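This report concerns only the one structure given below.
The values are calculated or read from the model by the stated rules, or taken from the named source; none is laboratory data. Quick caveat: nothing in here was measured; it's all calculated off a predicted structure. Positions of Cβ are backbone-derived with ideal geometry, glycine not excepted, and every protein chain shown enters the neighbour counts.
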Amino acid sequence: MAKTYYKQDIPSLLAEFDTDANKGLSDSSAKERLAKYGANALAGKKKRSMFARFMDQFKDLMIIVLLVAAVLSGVVAQEWTDAGIILIVVLLNAILGVIQEARSEAAIEALKDMSTPSAKVRRDGAVVEVPSTDLVPGDIVLLEAGDVVPADLRLTVAESLKIEEAALTGESVPVEKSNEVLQKDDVALADRINMAYSSTNVTYGRGEGIVVATGMETEVGNIAKMLNEADETDTPLKQNLNQLGKTLTYMILAICVIVFIIGVIRNPQHEPLNALLIDMFLTAVSLAVAAIPEGLPAIVTIILALGTQAMADHKAIVRKLPAVETLGATDIIASDKTGTLTQNRMTVEKVYYDGILHDSSDDIDLANPAMITMLLANDTKIQDGGELLGDPTETALVQYGFHKNLKVLDFLSEHPRVEEVPFDSERKLMSTVNKYDGRFMVAVKGAPDMLLDRVKYVNINGDLSEISPVQKQAILDTNNQMAKQALRVLAMAYKYVDQPYADPTTDNVEQDLIFAGLVGMIDPERPEAKDAIKEAHAAGIRTIMITGDHQVTAQAIAERLGLVEKGRDEAVITGAQLDKLSDDYFTKHVGDYSVYARVSPEHKVRIVKAWQANGKIVAMTGDGVNDAPSLKQADIGVGMGITGTEVSKGAADMVLADDNFATIVEAVKQGRKVFANIQKAILYLMSCNVGEVLTVFMMTLLGWDVLKPVQLLWINLVTDTLPAIALGVEPIEQGIMKKKPRGKNSNFFSGGVASSIIYQGILEGVLVLTTYGLGLHALPHGSNPHEDALTMAFLTLGLIQLFHAVNSKYIKQSIFQVNTLKSKWFNIAILVSALVMAAVELPFLTKVFAVSELNLDQWLVVLGMGILMILIVEIVKFFERKKDQN
């Protein structure tokens, strides 16, 4: 890639590329080079077939476990309905995975779509229009306002040329271009003023340049390469589910083997070996069916989908489901400045006139020379609907007039322009001559130091006098004061003449001027961003700013937002300084920096990787093409829906519909809720399955009658789905944003969940076995005591899980609080599940499920065990809270 062309002079470049500035390339030479270098287009990854993508979805260990469960349930246990449900869930997950993967390729396609369809070039001495894909190194390209730059160019001509490069560099205002040689080494991308880069936009003036790079060799092509090569980061959710799948696999295999061996060794019935082996294999299969939470992937998908909907209601559009949960684990929010933390529009903040620095909120009227000059020395176009078109600094001045409720349109109509001296990058001024009350007014604005050299008088409250050295110094001091606050400062001056100029030039128009004032503008911070950063900090989340803008501007905005303390320069680093740091040093010291200014796309990826190397989960926001690689590298990329390019949105996991930083923090809150609710669902499902496994295991060990596969499957069907989904839609717990991020190494079993699953599962199994013992030995029963006892155990195992669902609403908090039963969906789910579970006692279903009809005493024992489950868990939670407090 061409990185040093900005250091070469024009004659040496023309010689290097064997081209002529006035004639360009010949057609024959252009064709030869096109064959050599290829089309000026971006290449994407080699596309994989839909079948290959589909098959990849079945490599996940959890999916393999489910497929095995489906085979065992259908072929061995002959439960084809359950097997069918499992297969449907697996297929749906695979289809969703393929769709998400296809969407992720949209970033490269969007990059391709950004290329301009045609370009004006010199070929054989004539200016012709050719498809941009036919451009080759050495072509001489002509640019004018409104053009999209078709390739990377070294500028040979720059007449008042301004190019808007925000999408590539993050620079918030159009860059004034020049054809001069840059002498410094390692000039940042945003400071290469003699270069024009592919896919940026010409906003003002005209220019010409030599094509020095095309296609994948351009700066945008470099971004496309990084997008192709970026690692696909596994989300915490995917990592956790993989871990859960492995845990379940090992647990199931171990339990099945142990039960099978114990059953064969004990052989209490003294069965023939063949029959014994079949019986114990079926018992092991029933345990496998009981141990696997078949509905877990579907339940997690439903919880994520519902979380996605909740985020959409808060203006956060999630493109990839796992991103919902990833947000909740975020440690670092690496935010772009322009358009995310700021409003992405220049705004007048200070105005200096009459020797006083005024705030923009102060009153000003159309009799004020400073206000008059702002409006007249201005090329902004005002559309019929009130939309302002033009340079952002100029539109800010007109908008300021509208904000002051001034009759701007009438004023401009009454004072038409008759002459002008256009802006020039050397003198850094622009002037207009307008009709004004029977005379003509010259209005001049530009760089303060350049304009003051042409000022002879000063207007103080209507009194005109020659400007003194003291007054000039006061103006310069005020200019420096505003510049230190990162304000973009323009000076204004004027004079009156009796008639227009025959030949308006800087030498006659811009002389003997009257100083009118200074105006300071900035792209201001979003009002809600400061509070959002504070809330994120309280939640243990660190916000850092990464921008292509200048260091002074970035630091000023960061100080205003509370990202860094005022004057703490060591927390701010530029891309050039970052280049001098080794990867090892930077990885160790990445926490020292809160603001990164004047950075390139490579720097952004490096910053994200450094935080990730420290075990942090990084959310990266951005809106430009230059942000796309880092958005893809981050654990979660957040694109901007309004100002964002299609490239950045295509690379992102989530898009903000309102481009609002505060929306990210709200999305983090929703993400934490999603994780907490998935954790509750897993606690519920796994503890219930542990209870089922323990029940069957102990019954086998003790030589008791064992619950039949149809009974276990019925319990799973009734208790696994509705209650788990209901737990997944629980509202946000109070204080969720006061907790620190859970950490990259945490998982669904962290925070006491693993121990809760074990003891609650054991407790559930013990209560069921106690019920079986009471039913067999302590309670009156019918003609078949074993059938009654087994029926009580079956119903207790099913209903105790529904009681336990109430426990699972809070992992450590007590359920005895006002909010516990406020969720109507949870209450409905538990009630419906309880009725369906108890329906097996209906006379026409007892034979289907091999159960007997229970009497009142037996039912009281069943219900009593459910209540006991709640009380014992509450006692344990009480001691856990006491322990945590100590």
Q) Which of the following residues is of a type in the set (S, T, N, Q) and in contact (Cβ under 8 Å) with a residue 40 or more places away in the chain: Thr587, Thr643? A) Thr643
**Q.** Residue, surrounded by the fewest Cβ atoms within 10 Å (Cβ to Cβ), within segment 634-649, restricted to residues that are over 11 Å from the mean Cα position of the chain (by Cα) and in a helix (DSSP H, G or I)
**A.** Glu646
Q) Is it the case that segment 441-460 has a residue that's in contact with a His (Cβ under 9 Å, 6 or more places away or on another chain) and under 21 Å from His415 (Cβ atoms)? A) yes
**Q.** Failed criterion for Ala493 (all others in (1) surrounded by 14 or more Cβ atoms within 10 Å (Cβ to Cβ); (2) without any contact (Cβ under 8 Å) to a residue 40 or more places away in the chain; (3) not in a helix (DSSP H, G or I) hold)
**A.** (2)
Q: Among what's in segment 389-418 and is crowded, with 17+ Cβ neighbours inside 10 Å, charged (D, E, K, R) and under 24 Å from Gly146 (Cα atoms), pick the residue that is modelled with the highest pLDDT.
A: Glu394
Q.
Looking for something touching a helix residue (DSSP H, G or I) at 6+ places or on another chain (Cβ under 6 Å) and modelled with pLDDT of 90 or more - is there at least one such residue anywhere in segment 614-626?
A. yes
Q.
Could you check segment 583-607 and list, in sequence order, the residues that are within 21 Å of Thr342 (Cβ to Cβ), out of contact with any Pro (no Cβ under 8 Å at 6 or more places or on another chain) and in a helix (DSSP H, G or I)?
A. His603, Ile607
Q.
Looking only at residues that are buried (at least 24 other Cβ atoms within 10 Å of the Cβ) and of a type in the set (D, E, K, R) in segment 613-633, which one is farthest from Leu168 (Cα to Cα)?
A. Lys632
**Q.** Of all residues in segment 759-784 being exposed (fewer than 14 other Cβ atoms within 10 Å of the Cβ) and not polar (S, T, N, Q), the one that is modelled with the lowest pLDDT
**A.** Gly782
Q.
Give me the residue from segment 207-222 that is of a type in the set (D, E, K, R) and part of a helix (DSSP H, G or I) and, out of that set, surrounded by the most Cβ atoms within 10 Å (Cβ to Cβ).
A. Glu219
(Q) Among the listed residues Ala834, Ala829, identify the single one that is buried (at least 16 other Cβ atoms within 10 Å of the Cβ), closer than 21 Å to Asp788 by Cα and either free of Cβ contacts under 8 Å to residues at least 12 places away in the same chain or among the small types (Gly, Ala, Ser) (or both). (A) Ala834
Q: Evaluate the following for Ser750: is it surrounded by fewer than 16 Cβ atoms within 10 Å (Cβ to Cβ), within 21 Å of Lys883 (Cα to Cα) and more than 29 Å from the chain's Cα centre (by Cα)?
A: no
Q: Just one of (1) more than 30 Å from Val418 (Cβ to Cβ); (2) at pLDDT below 95 trips up His358, so point out which.
A: (2)
Q: From the list Ala486, Ala474, pick out the single residue that is assigned by TED's automatic domain parsing to the domain that holds Asp354, on the phi > 0 side of the Ramachandran plot and in contact (Cβ under 8 Å) with a residue 24 or more places away in the chain.
A: Ala486
